[in-house]
1. For the stretch 16-90, what relative contact order do you get, as a whole percent, if you take Cα pairs closer than 8 Å and at least 6 residues apart?
2. Picking from 207, 143, 220, which is most flexible by a Gaussian network model of the chain using Cα springs under 10 Å?
3. Of [x] 176; [y] 205; [z] 248, which one was derived for volume of the Cα convex hull per residue in Å³ from the structure shown?
4. Relative contact order, percent, of the chain when contacts are C-alpha pairs under 8 Å separated by at least 6 residues?
5. Restrict the search to the stretch 44-150; then list the trypsin sites (Lys or Arg not before Pro) that DSSP places in a loop and that have at most 10 other Cβ atoms within 10 Å of their Cβ.
6. Taking loop as defined by DSSP and a crowding limit of 16 other beta carbons within 10 Å, which trypsin sites (Lys or Arg not before Pro) in the stretch 185-238 fit?
7. Which FRET efficiency value, to the nearest 0.05, do you get for residue 34 and residue 142 by plugging their Cβ-Cβ distance into 1/(1 + (r/R0)^6) with R0 = 30 Å?
8. Please sort by residue number the chymotrypsin sites (Phe, Trp or Tyr not before Pro) in the stretch 178-238 whose DSSP state is loop and whose Cβ has at most 14 other Cβ atoms within 10 Å.
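What follows is calculated from the coordinates using simple rules that are stated; it is not laboratory data. These numbers were taken from a predicted model, which means no experiment stands behind them. Cβ placement follows ideal geometry from the backbone for every residue including glycine, while neighbour counts extend to all protein chains displayed.
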Amino acid sequence: MSNPPSHDESAAPENLSEVFARLTDVPLEQVDKLVETVESAYADLNRVMEHPYWADLVFHQGSTLRALREARAELDAFRAEATGARNTELGIMVATGVIDGRREYAEDEESKRALVERLLRPPRQGLACHLYVWDRPHEDDQVPGPYQHIRVVTSPEEEMGALTFTEEQEDGQLYSWQTHNRDQPEGVPTLRFDLGSALTFPRSSVVGFSELRTALDEFVRTGECPRSVEWRQARWGE
């Protein structure tokens, strides 16, 4: 009778971040090519519509496409989770900025500082931008993402703006807070929820770029509600 294999307790455990990094390497491109190949069969199927096998061929082609698309979606979700696990092991937090509908991602301090500056000075004054911090890039609003994010609206000419911090809490409800300026200086610009919106920020929500920059820098570093600025429950207008 053979002895059971021995366990070498002296062997060092494999670096978990390397394991998760390998798991992110999923064959999405190959699946995309398979989907494209199966879709292209429509052209040939249209040429044999009168053949008795046509209906069964169309049925199986449709079933194959559904299965491949479901497989791709699951592989993509698997890749995203593995990316999050890897980044968590490495202590990496990814900032995702949405500026004029375009997503930008930043992982290191320098790229995060640059992203904050672009959020403060969007291509159109008064354009609402969004900032997320997560263990992975936030690539799609249609899938579950981080529970917290900051909405940024600024007036670069006056170098002033307002932030809205939104958090989904345990009860599933969304709660929002706005920056609060106790000083309420003169000449505060009117800031709207977004371009063309009738909703306006209270004047007391508008703060200077220095405070905004400090708060956003803190958020991309911690992923938590910034403590460097004062907040109050969100409300609109005076």
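1. Computed over the stretch 16-90, the figure is 63 percent.
2. 143
3. [z]
4. Across the chain, relative contact order equals 15 percent.
5. 124
6. Taking the stretch 185-238 and a limit of 16 other Cβ atoms within 10 Å, the loop trypsin sites (Lys or Arg not before Pro) found are 227, 235.
7. 0.85
8. Passing sites in the stretch 178-238 are 236.
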